[in-house]
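The values are calculated or read from the model by the stated rules, or taken from the named source; none is laboratory data. For clarity, every value in this text was computed on a predicted model and none was experimentally measured. Neighbour counts run over all protein chains shown; Cβ positions are idealised from the backbone, glycine included. Just so you know, the surface numbers come from the protein's heavy atoms only, side chains and all, with ligands and any DNA or RNA stripped out. Shrake-Rupley method; radii C 1.70, N 1.55, O 1.52, S 1.80 Å.
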Amino acid sequence: ELKENYKITIKDKHYIAGEKAETETQVFGDLFLAEDGYTISYTEHAGEFAGCVTNIKVTSDPKMLYLSRTGSFAADLMLEPGKRHNCQYDTPFGSVLMGVYAYKIDSDMKRSGGELDFAYCLDINGGTVSENELKISLREC
């Protein structure tokens, strides 16, 4: 069941080399509910990710999150709590293979909207590059 016209608020907190940075972005997007989970889809309109289309699929059994972004900053991340997966990250400056280790995926989503919280570490060659926490809120427009 596809439901459109959601206001999506993305709060991103990340730590790089001990420095904390926080951003908050608001976009409009779609929510697709399925028996085994849901997918959030939106297009970025500002900043370095402008024009990028992001799809976040969350499944309940097993609890996993798939983040796919197309555009100038393309990525395919698979997050599974307690496990490390490799992912490809493409930028205008080149591509890099990174490890992603998820340690939290909490979700409460229904037709009227909801919350998705997830946290993960990114590493290159076994060394941690960043720790990331995202809180995504959807509200029906």
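In segment 69-92, the condition of being in contact with a Lys or Arg (Cβ under 9 Å, 6 or more places away or on another chain) and within 18 Å of Asp30 (Cα to Cα) is met by no residue.
Considered as a group, the residues in segment 110-141 that are aliphatic (A, V, I, L, M) and at pLDDT below 95 include one that is farthest from Tyr42 (Cα to Cα), and that residue is Ile124. Any chance segment 91-109 includes a residue that's over 19 Å from Lys135 (Cα atoms), among the hydrophobic types (A, V, I, L, M, F, W, C) and in contact with a Leu (Cβ under 9 Å, 6 or more places away or on another chain)? Looking for residues that are over 19 Å from Lys135 (Cα atoms), among the hydrophobic types (A, V, I, L, M, F, W, C) and in contact with a Leu (Cβ under 9 Å, 6 or more places away or on another chain), one finds at least one in segment 91-109, hence yes. Restricting to segment 116-141, name every residue that is open to solvent by 50 Å² or more (accessible area, probe 1.4 Å) and among the acidic types (Asp, Glu). Once the filter is applied, which keeps residues that are open to solvent by 50 Å² or more (accessible area, probe 1.4 Å) and among the acidic types (Asp, Glu), segment 116-141 yields Glu131, Glu133, Glu140.
Residues that are open to solvent by 80 Å² or more (accessible area, probe 1.4 Å), of a type outside the set (Lys, Arg) and touching a residue at least 24 places away in the same chain (Cβ under 8 Å): list the strands (runs of 3 or more DSSP E) wholly contained in segment 14-111 that include at least 2 such residues.
On the way: elements: 19-34, 37-43, 53-60, 63-70, 74-79, 84-91, 94-110.
Strands (runs of 3 or more DSSP E) meeting the threshold: 19-34.
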